[in-house]
Amino acid sequence: MEWETVIGLEIHAQLATKSKIFSAAATAYGAEPNTQACAVDLGMPGVLPVLNKEAVRMAAKFGLATSSTVAERSVFARKNYFYPDLPKGYQISQYELPIVQHGILDIELEDGTTKRIGVTRAHLEEDAGKSLHEDFHGQTGVDLNRAGTPLLEIVSEPDMRSAKEAVAYMKKIHSLVRYLEICDGNMQEGSFRCDANVSVRPKGQKEFGTRAEIKNINSFRYVEKAINYEVERQIEIIENGGKIVQETRLYDANKDETRSMRAKEEANDYRYFPDPDLLPVELDAEFIEQVRATLPELPDAKKLRFVEQYGLSAYDAAVLTASRELADYYESVVTSVGSEPKLCANWVMGDVSGFLNKENKEIGESPVSAELLAGMIKRIVDNTISGKIAKDVFEAMWNGEGDADAVIDKKGLKQITDTGAIETAINDIMAKNPKQVEGYRAGQDKLLGFFVGQVMKAMGGKANPAQLNELLKKMLAG
Amino acid sequence: MHNKTLAELAAGLKAKTFSSEELTRHFLGRIERFDPKLNSFVTTTAEGALAQARAADASIAGGEVGPLLGIPYAHKDIFCTDGVRTSCGSKMLDNFIAPYNATVTSKLLAAGAVMLGKTNMDEFAMGSSNETSFYGPVKNPWNLDVVPGGSSGGSAAAVAARLAPAATGTDTGGSIRQPAALCNLTGIKPTYGRVSRYGMIAFASSLDQAGPMTRTAEDAAIMLGAMAGFDARDSTSIDRPVDDYRAALGNSLKGLKVGLPKEYFGEGLDPAVGAVVQTAIDELKKLGAEPVEITLPNTGLAVPTYYVVAPAECSSNLSRFDGVRFGYRCENPKDLEDLYKRSRGEGFGPEVKRRIMIGTYALSAGYYDAYYLKAQQVRHLIADDFKQAFEKVDVILGPTSPTVAFKIGEKFNDPVTMYLSDIYTIAVNLAGLPGMSIPAGFAHDLPVGLQLIGNYFDEARLLNVAHQYQQVSDWHQRSPAGFE
């Protein structure tokens, strides 16, 4: 039987506010345990929550960027359950009336087509603290620094049909929240994580199969692997005559498998009710328009503009606009060079990205600034160096040896365009390789490459490649 | 000194007839002498009180003036007080030293008031008799065999016995007004949102309000003026200037339309209490007030509605008492579940557990719509009753409690009868309106309270009516025997 996979994602994006969603404590990551938790975060008797307006603004920004409805009135509710890292015994979250609803997001598939994914809702809530099971000799420690950190939970429609689509959607949301500057997107620190709802059904069937929810996946790669594992697991069970149980599962990256955390029957009754300590959030049209005015150029719009303005392929434009920082870097290179947008794109997507990946760095950390790169590309454009020599120059710049001109000067990499010098070198190589000259003249055209290589080698790679080619052909022809 | 009103005490301090330290020592002496009979204080803070008194004396010597500067008061043990045990009448918080001040605590501190100690109360303010306290029942100074009312029973008994000239209280379903009535005091629960709830340990968040308990309406005006005001730390507090409550006290009552809800004078009301209330109405008529019969048709729904909303909110509010970060923790828990079950099982008393269970049930999946949601809808009906009434009248008047104070133990094992003793006070909390109780006479040798209900933010008018009544009556000046 042919099976169809159905996936919906719930993404938790930590909002980049300075203080917590209901208290004035700082949200910075990595502080000593419990040094960033005030009386409100600790759920002391008598304390009350006060909503952080910045978190509301950020949620509205996300809503506008996904063509969602930003609610005029949304309500915070209490989700009641007991856990040591949940100080009040309830989490303040939005339940029946979330701030953002009915949005859409387009993702690019591998075959170059676009697919529209529905954003069911996005709601504001507070994060819990962390239980620390190590270092306490059989006891559990609780760190409440994270308690009260604002989260935007972004819930998609079950519109994705493969792990690859799910990853594309997650990447798109990741890019978007960073464009909007509402989330730092740091997945190692847990600022961006997701739960995946996965089910399978016979191809053509309308009803959804029973789903399993895989909790807390914190990398794109794990999302893909966890979903693929889960899909295979479910198909195998059904094909062997079994039934899928609705349950929560955990992905174990070490073993590359998912395993059951709790079944639906064991799930809590959260006893949601509107939090009487907080008033409904009421947003007027003026506020919405103010937020709209702060929206940056969004990834899709930027991509289109790159295609039109710089003549890039859709693929190149997509790669360059995947993050706002990369797009900004590319644009400042092009602006500085003043021409050759495709050449600039190749360098940014090629050597720059390659070096960054190798050293696991972000574009903001690149030792070769946009200005340095532009300076080097200008030397390619004005024929001071060849593209090949430029690779050496780039590496030297990466290693901090100065700008392109300094490196070219110091290492004597200036391109040789003196026809006489190139002819002398060609004559020398032809004299040393009479058999090859004969072969070429007898019709073995591909020997031209051999001569180019030999002459280049003799000249330390500095011969102008176009000139060399032209002269070689002429001289070999006799 | 202990029979003087706040205004008289402030004048005495200003004229240096006595110092704040002398005044404070006087009340601390009375607490030491009489409180063993009453059990109205859970904690006395003599050292801190004397330090505050000396600081107030220094300020007075420096020419500072203020209506509460150097004046002692008793603080209900529901308000967090920095560095002082704040027990909320519960074993759960018997070891809890608050690390911060409630906004009400800070405001009274800033006004220069001197805190004598923390008063006894029903556990987590759940009760109408002060019998649910972990620290034992409070006795009514008017008769040591009867209850002082609750939940602010300690505050009521302390002020009635002249162990403090004024006290703070909180009122979720009548917890200021009913003990004020049962102990012959003046007590006001302001409009919901008028006084900050920050640092006031929550029972039912949408109903809780703090207010003063004093002997006179003028004293209540002074105290409320210091306690009220917008607080950015309480999202439900209302950003609106505080009226000058004393300024309106002298207004004439001529032409004042006083609504008498027929539902407040029917079945269940002790006829002797009804007669006292009728006499008070006649007095008000002499002052120019015009009684108007009105109806609040949904009155009968108030108690059942309250006993869904309040337990539902309390079941969630009290989840934080889990033995993890503060408060009572059971000995040697086996595991996490054991820690929760035993800490909560051993730390809470039976009435608190009863309400947590009722509230948990009311919020459960499948019952939420039938109970909590329905109760919230009925709340609107009750508020609408009042809205329509206030289109015709300026204030509403009736008994505070259907009976006088009852015997300790009499209703303790019959929660439904106990809940019905709040039948006249509860609707006011559900609607968020201001309500007040003032001494109106005696029945069966025990005090009877007259309840005044005002429109939203009409505290000044309630205080005005109460003050004018107190100009032509002396019930509020009566003091119980045995505390001279």
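Listing for the model above:
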item: Summed side-chain charge close to A:Lys88 - residues other than A:Lys88 whose Cβ falls under 12 Å, Lys, Arg +1, Asp, Glu -1; result: -2
item: Nitroxide proxy distance, nm - points 7 Å out along Cα→Cβ at B:Arg354 and A:Glu181; result: 5.8
item: Radius 15 Å from Cβ of B:Arg54, net charge of other residues (Lys, Arg +1; Asp, Glu -1); result: -3
item: Antiparallel DSSP beta bridges within chain B, percent to nearest 5; result: 70
item: Rounded Å value of the spacing that divides the Cα centres of the stretch A:184-222 and the stretch A:333-393; result: 37
item: Dipole magnitude of the stretch B:104-250, debye to nearest 20 (Cβ charges: Lys/Arg +1, Asp/Glu -1, about Cα centre); result: 200
item: Projected-area average for the protein assembly as shown over all orientations - Cα convex hull basis, square nanometres; result: 53.3
item: Dipole magnitude of the protein assembly as shown, debye to nearest 20 (Cβ charges: Lys/Arg +1, Asp/Glu -1, about Cα centre); result: 320
item: Sulfur and carbon atoms: percent of accessible area, the stretch A:1-128 [1.4 Å]; result: 50
item: The stretch B:112-168 versus the stretch B:63-80: alpha-carbon centroid distance in Å; result: 17
item: Farthest positive-ward along chain A dipole, Cα basis, beta-carbon charges - from A:Thr17, A:Ile385, A:Tyr251; result: A:Ile385
item: Chain pair A, B: total accessible area buried, heavy atoms, 1.4 Å probe, Å²; result: 2700
item: DSSP beta bridges in the protein assembly as shown [antiparallel fraction, %, rounded to 5]; result: 85
item: Charge dipole (the stretch B:297-400, unit charges on Cβ, about Cα centre) - positive-most of B:Pro304, B:Gly366, B:Gln377; result: B:Gly366
item: Size of charge dipole - the stretch A:420-478 - debye, nearest 20, with Cβ of Lys, Arg +1 and Asp, Glu -1, no other charges; result: 120
item: Candidate residues B:Ser316, A:Ser353: accessible-area rank, largest first, probe 1.4 Å; result: A:Ser353, B:Ser316
item: Heavy atoms of A:Leu48 accessible to a 1.4 Å probe, total area in Å² rounded to 10; result: 10
item: Length released on extending from A:Glu4 to A:Glu189, taking residue separation times 0.36 nm less the Cα-Cα span; result: 63.2 nm
item: Loop-located GluC sites (Glu not before Pro) in the stretch A:29-114, at most 15 other Cβ atoms within 10 Å (DSSP); result: A:Glu72, A:Glu96, A:Glu110
item: For the stretch B:170-316, convex hull volume per residue from C-alpha positions, Å³; result: 141
item: Per residue accessible area of the protein assembly as shown, 1.4 Å probe, in Å²; result: 41
item: Lysines with Cα under 18 Å of B:Lys118, excluding same-chain neighbours fewer than 8 positions away; result: B:Lys37, B:Lys76, B:Lys91, B:Lys107, B:Lys139
item: Average partner coverage of B:322-329, which counts Cβ from other chains inside 10 Å; result: 4
item: Rounded accessible area of A:Glu207 (nearest 10 Å², 1.4 Å probe); result: 120
item: Environment charge of A:Arg193, counting only residues whose C-beta is closer than 11 Å and scoring Lys/Arg +1, Asp/Glu -1; result: -4
item: For the stretch B:365-432 versus the stretch A:145-181, the gap between their alpha-carbon centres in whole angstrom; result: 47
item: Dipole-positive endmost among A:Pro465, A:Ala71, A:Ile154 within chain A (Cβ charges, Cα centre); result: A:Pro465
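The values are calculated or read from the model by the stated rules, or taken from the named source; none is laboratory data. All of these numbers come straight from a predicted model, not from anything done at the bench. Neighbour counts are summed over all protein chains in view; Cβ atoms, including those assigned to glycine, are modelled from backbone coordinates with ideal geometry. Accessible surface is based on the protein model in full, side chains and every heavy atom, while ligands, DNA and RNA are left aside. Shrake-Rupley method; radii C 1.70, N 1.55, O 1.52, S 1.80 Å.
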